[in-house]
1. Classify the range 174-258 from the C-alpha gyration tensor, please: rounded if a/c falls under 1.5, else prolate or oblate depending on whether a/b exceeds b/c.
2. Based on other C-beta atoms within 10 Å, arrange 21, 195 from fewest to most.
3. Could you pull out every whole DSSP H run in the chain that spans at least 15 Å of Cα extent along its own axis and averages 1.0 or higher on the Kyte-Doolittle scale?
4. Taking the Cα centroid of the range 241-300 and of the range 366-384, what is the distance between the two, rounded to the nearest whole Å?
5. Rounded to the nearest 0.05, what FRET efficiency is calculated for residue 33 and residue 451 with R0 set to 30 Å and r the Cβ-Cβ distance?
6. Once you've got the Cα coordinates, tell me which of 88/296; 147/296; 178/214; 214/360; 130/151; 38/405 are over 23 Å apart.
7. What shape does the range 100-345 have by the C-alpha gyration tensor, where a ≥ b ≥ c are the square roots of the eigenvalues, rounded means a/c under 1.5, and otherwise prolate means a/b greater than b/c and oblate the rest?
8. Among 60-73, 340-353, how do they line up from the highest to the lowest mean number of other beta-carbon atoms within 10 Å?
Amino acid sequence: MSMTSSLTTPLGGPSLPQERRMVTSIPGPRSQELLARKAAAVAAGVGHTAPIEAVAAGGGVIVDADGNSLIDLGSGIAVTSLGNAHPKVVEAIAQQAAQFTHTCFMISPYESYVGVAEALNRVTPGDHAKKSALFNSGAEAVENAVKIARKFTGKPAVVAFDHGYHGRTNLTMALTAKAMPYKSGFGPFAGEIYRAPLSYPFRDGLSGADAAKKAISLIEKQVGADNLAAVIIEPIQGEGGFIVPADGFLPALVDWCRANNVVFIADEIQTGFARTGAMFASELFGIVPDLITTAKGIAGGMPLAAVTGRAEIMDASHAGGLGGTYGGNPVACAAALAAIDAFENDGLIERAGEIETILKDRLGALQQSDPRIGDIRGHGAMIAAEFVDPETGEPDAALTGAVAKACIAEGVIVLTCGTYGNVIRFLPPLSIPDHLLHEGLDVIAAALAAR
């Protein structure tokens, strides 16, 4: 049965009916066939959240092989922020693919790579001279940011933070805080990685200044500024639970880094490109990183990542020290140029603010009547609800998982996160129509009320 009749897609994307439509149960028979093939052919370690075979997506929906149309509140983990198959991105991909798909920038350079670097140097925080280097994935960007910082400072140590997530490669697993499912059994990990406490206002009750003082004290005592190449942090944590640090925490860290010849790396892989209601989340906190890592939303779904930063830091590496066969692939670069144009000129930053208002208003109303929602936080189209035992305040992962599973069964894709597995994160495409947001929240409210 069709849940709504609207066909509009406000900010581009294919002309799919913008509706939640349940033709079969989830998963339907055709999706079950694909999942059986997946179980036989794909490594067991590659999991999935929604048991469907996706065949089309756009606006705020994903359509499966059985004809079900699901509301998308995950954006492929913050990748399809523009909306799937955005017309500008599709056209740019097609034009570039017809010209050439690869030459390797390190062999024969091409304009689109340089154009993406120029765009990143322009749109990232700060008016200082910047340079960029392009890679394939967020983890690769983080690894290279660490390489660059070590080369520039001549120091080995790196500090990451509690609850942080930075990737699944060996070095980035070391930087990532959570053992399961990201690290367990995969060690040993890269050395000279240290962890400091994060500002987590809902759980630590500290001011930003006090939380920063605590973190800096630990860094100075256990690592030492003379040994420290870089501090890396997500301005708003992603997988860690969409934790927003208290005001003053990040600026205090930046100030300390500047005073101690430590490179401050902002991991904006999930927060970047209009997701938080600013082009980059660093802007919300009034900080200017030395280096910034980007990926996910950068290219409308194509694999691309980057490190952008102060020119003198980026230029510390010797020729040949940075790069990769596919880094800055020409098709991905063409997509990125189209995506960045849309982020800047199609009202997407403002749209993220509108989505924030809807999500916080609706979730806030739910919280008033249900004390199991312990905290609502986030910015823009990056909002979280943390579920707790109302008597003790302890994390309630079981409730979180049950609500998420029930929502998917009813045609609403939601993602969980958090160190304790007790956070539902809302990452809708910025192209989602308001009525789908409201309907998705209706389904979530019903799933919560039934438990």
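1. Verdict is oblate for the range 174-258.
2. Values: 21 17, 195 20.
Result, fewest neighbours first: 21, 195.
3. On the way: long enough: 29-41 (18 Å, -0.58); 87-99 (18 Å, 0.05); 111-123 (18 Å, 0.19); 138-153 (23 Å, -0.06); 208-222 (21 Å, -0.23); 249-259 (16 Å, 0.93); 330-345 (22 Å, 1.14); 348-369 (32 Å, -0.18); 397-409 (18 Å, 1.60); 434-449 (22 Å, 0.86).
Helix filter hits for the chain: 330-345, 397-409.
4. After rounding, the separation between the Cα centres reads 22 Å.
5. Values: r = 31 Å, r/R0 = 1.04.
The value I calculate is 0.45.
6. Values: 88/296 17 Å; 147/296 21 Å; 178/214 21 Å; 214/360 30 Å; 130/151 17 Å; 38/405 20 Å.
Violating the 23 Å limit, Cα to Cα: 214/360.
7. Details: a/c = 1.62, a/b = 1.46, b/c = 1.11.
Prolate, because a/c is 1.5 or more and a/b exceeds b/c.
8. On the way: 60-73: 24.4, 340-353: 18.7.
The densest-packed peptide leads the list: 60-73, 340-353.
Read-outs throughout are calculated quantities, based only on the coordinates presented, and are distinct from any laboratory measurement. Only a predicted model underlies this, so the values are computations on that prediction, with no experimental measurement involved. So basically every Cβ, Gly included, is an ideal-geometry build from the backbone, and we count neighbours across all protein chains shown.
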